[in-house]
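See structure below.
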Amino acid sequence: MLTGKGRIWAALLVVSMFGSPAFSASQKSQPARPGGNKQPAGDAELRARAEKLHRLSIVIDTHNDITSPLADQGFDLGSSGFDKDGKLTTHTDLKRMKEGGLGAEFFAVYVGKEFVNKKAAEGGGAARRALDVIDVVIEQVRRHPESLEMAGTAADIRRIRSKGKIAALMGIEGGHAIEDSLRTMRMFYKLGIRYITLTHTNTNDWADSSGDINDATVQHHNGLTDFGREVVREMNRIGMMADVSHVSDKTFFDVVEVSRSPVIASHSSCRALANHPRNMTDEMLKAIAKNGGVVMVNFYDGFLDPRKVELAARTRTVQEDLTKQFPNDPKHVTDEVEKFRNANDPGKTPLSLLIDHIDHIAKVAGIDHVGIGSDFDGVPLTGLPEGMEDISKLPNITYELMKRGYSDADIKKVLGENFLRVMSQVERVASEMQSSATAPAKKK
């Protein structure tokens, strides 16, 4: 990990890597759900076809929290996510990313609410934590240039994938990381941040979170404040995606009203199938479609499986309490959370439920508005469906969608093309806004 002057040089290097965005035209919206692949095939034949299609697609995961083990436990992506006894320790490593056919990964720059107002001696505040996590992502790309390359635009993702590498991108999880400063947000963009999840589980100074919206002790804003609206407009102007995962329902509708660009939900699922406030209602799905955005389905069983909604809430409480008790021992926290889940888990969640959520969004919002945002390594190690235990299992999504009759073209949309369309549109809106701001005034 780089420190001191090393971090400054890394920052300058990354700023130099992200010049003017390459803007590409948005793809035209297509009709909502399609048939194709309707004739049943033998399982082996279907799997072979699915594997081939998966490898030909640009598979984009918009939310992976492997950054926490990287920053806090010294994990390296080149090492194995299994211990010497074969026990799973992470959902993600380079070997399994390649096995999963991954084309681009958004590494989550997760900033927990505990970093708000922390002193330097305690690890620094929210912006400092974001810089530390950005640093470990940059360092992983430096260590593994044969496998990873930094990307800043949709065109970069396509170019890097064409070389057989995985495009590495970053999104900040928790808007409190900008410390109420548009200047800080602009600098994060220059360091490679391409989306900000406007809140995490905590309401910040300018946006309400779904995580504490029913807590009467928290001061809420009825959605976005005036400054929150300014944040969204500035994100539009610089080409940074506004991520509405974690936000309250009112905040969500404020964002889609204000934003000139399509918005994303980087890791959210459907409330109609699992009634958790972190999930999106059908009304929200339709609003995303009208906005032109995309919902990336979260793989956490607590957001997929209606049997586990209450367990997910209790698990979050246990995790937060343990984090307060053992702030410097994340491994102990992880182990205790796993014990709690194992003692209370009603049973494994079938992979079909994950596909149900993709299917539901395709039907309600349209096939152009759904993608994948795993939340690998941001959920309990055992908190994933059967058949999606780690990142190597991503081809199973392609196979299951094929089984349900999705066409090859629409499967490619789900795997990554929908997100690339949105990212390109965000870039184009930013270019238009910047051009209009600098254009000379017309003479009367």
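Based on the reciprocal of the average 1/r between different C-alpha atoms, the Kirkwood radius for region 106-186 equals 13.8 Å. Across region 205-227, the residues whose backbone nitrogen lies under 11 Å from the label position 7 Å along the beta-carbon direction of Arg316 are 209-215.
Split the accessible area of region 290-352 by element, probe 1.4 Å, and carbon with sulfur accounts for 52%. Ranked by solvent-accessible area (1.4 Å probe, protein heavy atoms only, all chains present), the residues Asp212, Asp335 order from largest to smallest as Asp335, Asp212.
Look at where the Cα atoms of region 339-389 and of region 258-297 average out, and the two centres are 16 Å apart. Modelled this way, with points 7 Å down the Cα-to-C-beta line, the labels at Arg128 and Arg260 are 3.7 nm from one another. Based on protein heavy atoms only, the chain ends up with 42 Å² per residue of surface accessible to a 1.4 Å probe.
Charge tally for Gly152 (other residues, Cβ to Cβ under 12 Å; Lys, Arg +1; Asp, Glu -1): 0. What does the charge add up to near Gly373, with Lys and Arg as +1, Asp and Glu as -1, over the other residues with Cβ less than 10 Å from its Cβ? After counting each charged neighbour, the total is -3.
For Ala167, neighbours were defined as the other residues whose beta-carbon sits under 10 Å from its Cβ, and their charges (Lys and Arg +1, Asp and Glu -1) total +2. A value for Cα extents along the principal axes in Å was derived from the coordinates, and within the list (i) 81, 51, 38; (ii) 161, 57, 34; (iii) 67, 59, 47 it appears as (iii).
Residues of region 166-196 falling in the label zone of Glu230, defined by backbone nitrogen less than 12 Å from a point 7 Å along Cα to beta-carbon, are 180-183. Projecting the Cα atoms of Gly152, Gly164, Thr225 onto the charge dipole of region 136-272, computed from C-beta unit charges around the Cα centre, puts Gly164 farthest toward the positive end. Qualifying trypsin sites (Lys or Arg not before Pro) in region 83-150, where qualification requires a DSSP coil assignment and no more than 16 other C-beta atoms within 10 Å, comprise Lys84, Lys87, Lys118, Lys119.
The values are calculated or read from the model by the stated rules, or taken from the named source; none is laboratory data. Please read all numbers here as calculations on a predicted model, not as lab measurements. Here Cβ is always computed from backbone atoms with ideal geometry, including for glycine, and neighbour counts include all displayed protein chains. Accessible surface areas use protein heavy atoms only, side chains included; no ligands, DNA or RNA. Shrake-Rupley method; radii C 1.70, N 1.55, O 1.52, S 1.80 Å.
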